[in-house]
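Bear in mind these aren't lab numbers, they're just calculated from the coordinates by the rules spelled out. Because the structure is predicted, anything quoted here is derived from the model rather than measured. Here the Cβ positions follow ideal geometry from the backbone for every residue, glycine too, while neighbour counts run over all protein chains shown.
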Amino acid sequence: MSNEVESESQQPTPYEQIGGEEKLRELVDRFYDLMDLEPEFAGIRAMHPTPLDSSRDKLFWFLSGWMGGPSLYIERFGHPRLRARHLPFAIASDERDQWLRCMAWAMLDVGVEEAMQQRLMESFYQTADWMRNTPG
Ligand code: HEM
C-alpha cells in the first residue's frame, strides 16, 4: 500500500503524460510524414535519407529517454553526442525553425495536450538551437 501512496505523489514524466510508447511513436511518425509531405520542410527533408525508417526509429528511441521513458537510444548507441552527429548537416536558424515547426505541427495533429505542447516546445527549442552550426 505504501508503494501506491509513493507512486501517486511522484510527478509523471512527460513520456507518461503524453501517453507512453504508443503516442510517442505516433508523434514521431507524424513528424516524419509531415517532413516528407509538406513543401515548407523540403530543406530539412533533403538532408535525411530515403526511406525515413531509420530516422523514425532513432528519433523515437532518443525521445523515449529524453522525455523520461526507457533510454532506448543510449542502450543501443551509448551517449547520443547529438551536436556532433548533426555537424555533417548545415543547420542555421532556418533549418532549426523548419524542424521546430514540423514538430509543433505533429504535436497538434496527434493531439498532445496544449500545456504539454508548450512545455515540450521550450525544450525542443533549446535542443534545436544548440544544434545550429552554421551562421544565419
Ligand atoms: C535543428 C534542426 C535539426 C535538423 C536540421 C536535423 C537533421 C537531422 C539529420 C539530417 C539527421 C541524420 C539523418 C538520420 O540519421 O535520420 C538527424 C539525426 C538525428 N537527429 Fe536531428 N535535426 C535537427 C534537430 C534535432 C533535435 C532538436 C533532436 C532531438 C530533440 C534531433 C534528434 C536526432 C537524432 C536522435 C538523430 C539520430 C542520430 C544518429 O544516431 O545518427 N535532431 N537529424
Legend entry - Relative contact order of the stretch 18-130, pairs being alpha-carbon contacts under 8 Å that are 6 or more residues apart, as %: 32 percent
Legend entry - In Hz, Karplus ³J(HN,Hα) per residue of the stretch 16-24 (6.51, -1.76, 1.60; θ = phi - 60°; x = Gly, Pro): 5, 5, 7, x, x, 3, 4, 6, 5
Inset, instruction - Excluding residue 61 itself, calculate the net charge of residues whose Cβ lies under 12 Å from the Cβ of residue 61, where each Lys or Arg counts +1 and each Asp or Glu counts -1. - result: +1
Legend entry - Low-density loop positions, trypsin sites (Lys or Arg not before Pro), the stretch 55-136 - DSSP coil, at most 11 other Cβ in 10 Å: 81
Legend entry - Over the chain, equivalent-ellipsoid semi-axes from the Cα gyration tensor in Å: 28, 17, 15
Legend entry - Gaussian network model of the chain, Cα within-10 Å springs - most flexible of 121, 47, 35: 47
Inset, instruction - Quick one: compute the contact order of the stretch 5-70, relative version, from alpha carbon pairs under 8 angstrom and 6+ residues apart, as a percent. - result: 45 percent
Inset, instruction - Provide the per-residue ³J(HN,Hα) series for the stretch 38-53, in order, calculated from phi with Karplus coefficients 6.51, -1.76, 1.60 and θ = phi - 60°, each as a whole number of Hz, with x at glycine and proline positions. - result: 8, x, 5, 9, 4, x, 7, 4, 5, 7, 8, x, 10, x, 8, 3
Inset, instruction - Divide by every residue of the chain the summed helix terms, -39500 (n - 2.57) for each DSSP H run of at least 4, and state the resulting mean residue ellipticity at 222 nm, rounded to the nearest 500 deg cm²/dmol. - result: -20500 deg cm²/dmol
Inset, instruction - Step through the residues of the stretch 71-81 one at a time and calculate ³J(HN,Hα) from phi using the Karplus curve (6.51 cos²θ - 1.76 cosθ + 1.60, θ = phi - 60°), rounding each to whole Hz and writing x for Gly and Pro. - result: 7, 5, 5, 5, 4, 8, 10, x, 4, x, 6
Inset, instruction - Round to the nearest 10 and give me the degree value, 0 to 90, for the angle of helix 114-130's Cα axis relative to the longest principal axis of the chain. - result: 50 degrees
Inset, instruction - Let me see the pair-distance distribution of the stretch 37-112: every alpha carbon pair, 5 Å bin width, integer percents in order. - result: 3, 12, 19, 27, 22, 13, 3
Legend entry - Principal axes of the stretch 21-65: Cα extent on each, largest first, Å: 29, 16, 15
Legend entry - About the Cα centre, charge dipole magnitude for the stretch 1-135 (Lys/Arg +1, Asp/Glu -1 at Cβ), debye: 740 debye
